[in-house]
Structure formats: C-alpha cells, structure tokens
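Next up is a structure, given as structure tokens.
No lab work stands behind these numbers, since they all come straight from the coordinates. Because the structure is predicted, anything quoted here is derived from the model rather than measured. A quick note on method: Cβ atoms are made from the backbone with ideal geometry, for glycine too, and the neighbour counts reach across all protein chains shown.
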Amino acid sequence: MSTLVQSVHYPTGDGTPVAETFAHVYAILVILEVLRQYLAGKQAMVLANQFFFYEERKPRKRVAPDVMVIFGVAPGGRDSYKLWEEGQVPSVVFEVTSRKTQEEDKTEKKDLYERLGIEEYWLFDPKGEWVAGQLLGCRLSVGLVEGRRCYEPITDGRVVPLGLRIRVEGQLPAFYREDTGEKLLIPEELALELRRTSELLEQERQRAERAEQLAEQADQRAEQEREAKEQERRRAEVLAERLRQLGIDPEQV
C-alpha cells in the first residue's frame with residue numbers, strides 16, 4: 001500500500017520587521033548591495049533576511065540571517081534558501097545585532113551556524129550597544145574539537161572566504177579587497193564617485209574642445225600669415241615688373 005506524501009509548506013516570511021532601527025536596516029542593505037556588486041559574475045549569491053531552511057520537511061528548522069553569502073550556486077535571488085535543494089552551506093553570515101537580539105545572536109545562532117559548518121560568522125553592532133568596537137567575528141577552527149570544528153575569535157579583520165578585510169566606519173562596516181587594498185564603495189560613495197568621474201570627463205571634454213578651438217585659431221592665424229606673405233610677394237613682383245618697364249633694375253633700387 002503506497003503512502004501519500006503530504007506536501008510541506010515553507011513560508012517566505014513571518015510578518016516581523018527586518019530590523020529594529022534605521023541604522024540596523026541601512027547596515028543590512030549596505031552589506032547586501034556591496035557584496036552583491038563585489039560577487040557579480042561569480043557562481044555565488046547574497047541573500048538578506050530570507051529564510052534559510054536547513055532540514056528537509058521541517059519548516060520550523062529555519063533561520064533568517066541578516067546577510068548570508070553562498071558559493072557554488074547559481075547567482076540570483078531566492079524567496080527562501082533550502083539547503084537540501086541547493087547543496088551548499090553559506091560560507092559567511094553577517095548579523096546586524098543589538099542589545100535586544102544579542103542573546104540569540106551570540107548563543108542560539110552561533111551554535112547553529114557552527115553546527116551547520118558556516119565558515120565565518122560576523123556580528124556588527126551599528127550603535128555599539130553591546131559589542132566592543134562594534135564588530136565581532138569568529139571562524140571555524142582548523143582542527144577538530146570534540147570531533148568537530150568550533151568557532152574561534154577572528155583577530156585579523158579578514159573575511160577569508162570573500163578575500164576581504166572588514167572594519168568599522170561610523171555606523172557601517174567597510175570592506176576592503178585584500179589583493180589591492182581597494183575599498184568596496186557603498187551606494188552613496190559609488191554615486192559620489194560616479195558624479196566626480198562624470199565631472200572630470202566633462203572637464204576633460206571641455207579642455208579638449210578648447211584645445212581644438214585653439215588649434216583651429218592657430219591654423220587660421222598661420223593661414224592668414226601665409227596669405228599675407230603671398231600678397232606681399234605678389235606686390236613685390238608687380239613693383240619689380242613696373243621698374244623694369246621703366247628701364248630700372250629692381251636689384252639696383
């Protein structure tokens with residue numbers, strides 16, 4: 001006798017706010033967009049505040065990281081992330097934490113992410129409510145502790161799976177490439193950079209246009225000078241011919 005497999009509903013939301021304050025929401029959005037731009041074109045995706053289901057047919061076995069980065073999967077968005085379908089555990093998780101969420105962030109979520117094998121787990125506290133220095137990271141140990149890898153504090157500021165370094169700038173995390181030291185610009189900085197570049201290009205265009213105008217004016221002056229010399233030469237020839245007609249040698253004048 002066959003058994004009918006009951007379908008399982010995996011929700012995409014629970015009606016709770018994304019974050020407590022604007023500072024928290026903005027930090028999440030900045031991390032999402034900066035990393036999304038950085039990983040564009042790679043076999044990876046970045047999701048923010050979306051359900052991560054880690055056990056099949058158990059929709060309550062879920063967590064909603066503020067930002068998570070997954071490698072080895074098709075890029076693009078997802079309404080939710082199901083581990084058994086995608087086959088890849090996130091490499092890095094960022095939680096934008098606060099005094100209200102600290103207990104869950106530093107115990108339940110940390111234990112879960114460690115157990116799932118998420119390589120790095122970062123806590124960013126935009127208001128500095130409980131994290132000293134606003135930033136706290138941990139990385140899975142190289143060796144095994146009691147048969148499994150455990151989280152150890154990150155002291156070098158490196159986000160190893162991403163090839164980046166992270167540091168605090170005001171109420172936002174800032175990311176820098178390890179290979180070039182270049183900062184990954186946040187949307188406002190990118191817009192400012194684009195505006196500056198546009199202004200520089202316009203200034204360069206105006207300089208080129210002015211240089212072209214000056215070159216044209218120089219060509220015109222040179223042409224006028226050639227014409228003037230040619231007219232003078234013709235006048236001299238006419239005068240010399242008249243002198244010869246009068247029997248006067250122009251060379252003796």
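Where is the GNM fluctuation largest for the chain (alpha-carbon springs, 10 angstrom cutoff): A236, A19, A27?
Result: A236 has the largest fluctuation of those listed.
Let me ask something else. Mind sorting out which of (1) 67; (2) 47; (3) 55 is the real percent of Cα pairs over 22 Å apart computed from the coordinates?
(1)
Given Cα pairs under 8 Å that are at least 6 residues apart, what percent is the relative contact order of the chain?
Working: 327 pairs, mean separation 29.2, N = 253.
Computed over the chain, the figure is 12 percent.
State the Kirkwood hydrodynamic radius of region 158-220 in Å, one decimal place, computed from all pairs of distinct Cα atoms.
14.9
Sorted by average packing, counted as other Cβ atoms within 10 angstrom per residue and highest first, what order do 124-133, 73-82 take?
124-133, 73-82
So if I place +1 on the C-beta of Lys and Arg and -1 on the C-beta of Asp and Glu, and nothing else carries charge, what would the dipole magnitude of the chain be about its Cα centre? I want it in debye, nearest 20.
760
Build a GNM of the chain with springs between Cα atoms under 10 Å: which of E182, E95, E199 gets the top mean-square fluctuation?
Fluctuation is largest for E199.
Further, regarding this structure: So what's Rg/Rh here for region 58-120, counting alpha carbon atoms and using the Kirkwood radius for Rh?
Checking Rg against Rh, the ratio lands at 0.96.
Here is a further query. When a/c is below 1.5 the answer is rounded, else prolate if a/b is larger than b/c, else oblate, so apply that to region 81-164 with a ≥ b ≥ c taken from the square roots of the Cα gyration tensor eigenvalues.
Note, shape of region 81-164 comes out prolate.
Which of these, E241, E204, E56, has the largest mean-square fluctuation under a Gaussian network model of the chain (Cα springs below 10 Å)?
Judging by the Gaussian network model, the answer is E241.
Can you work out the Karplus-derived ³J(HN,Hα) for every residue in region 27-42? Use 6.51 cos²θ - 1.76 cosθ + 1.60 with θ = phi - 60°, whole Hz, and x for glycine or proline.
Listing the rounded values in order: 4, 4, 5, 5, 4, 4, 6, 4, 6, 4, 5, 5, 9, 4, x, 9 Hz.
Cα atoms only, region 31-150: Rg and Dmax in Å?
Expressed in Å, the Cα Rg and Dmax of region 31-150 come to 14.4, 40.
On to the next question. Label points 7 Å out from Cα along the Cβ direction at R234 and L201: separation in nm?
4.9
For K58, list the lysines whose Cα falls under 21 Å from its own Cα; do not include residues on the same chain fewer than 8 positions away.
K82, K109, K110
What FRET efficiency comes out for the pair E103/E20, r = Cβ-Cβ distance, R0 = 22 Å, nearest 0.05?
Values: r = 14 Å, r/R0 = 0.66.
Rounded to the nearest 0.05, the efficiency is 0.95.
Please report how far the C-alpha centroid of region 131-200 lies from that of region 16-86, rounded to the nearest whole angstrom.
When both Cα centres are located, 17 Å separates them.
Find out how many positive minus negative residues lie around R226, taking Lys and Arg as positive, Asp and Glu as negative, among other residues whose Cβ is under 12 Å from that of R226.
-3
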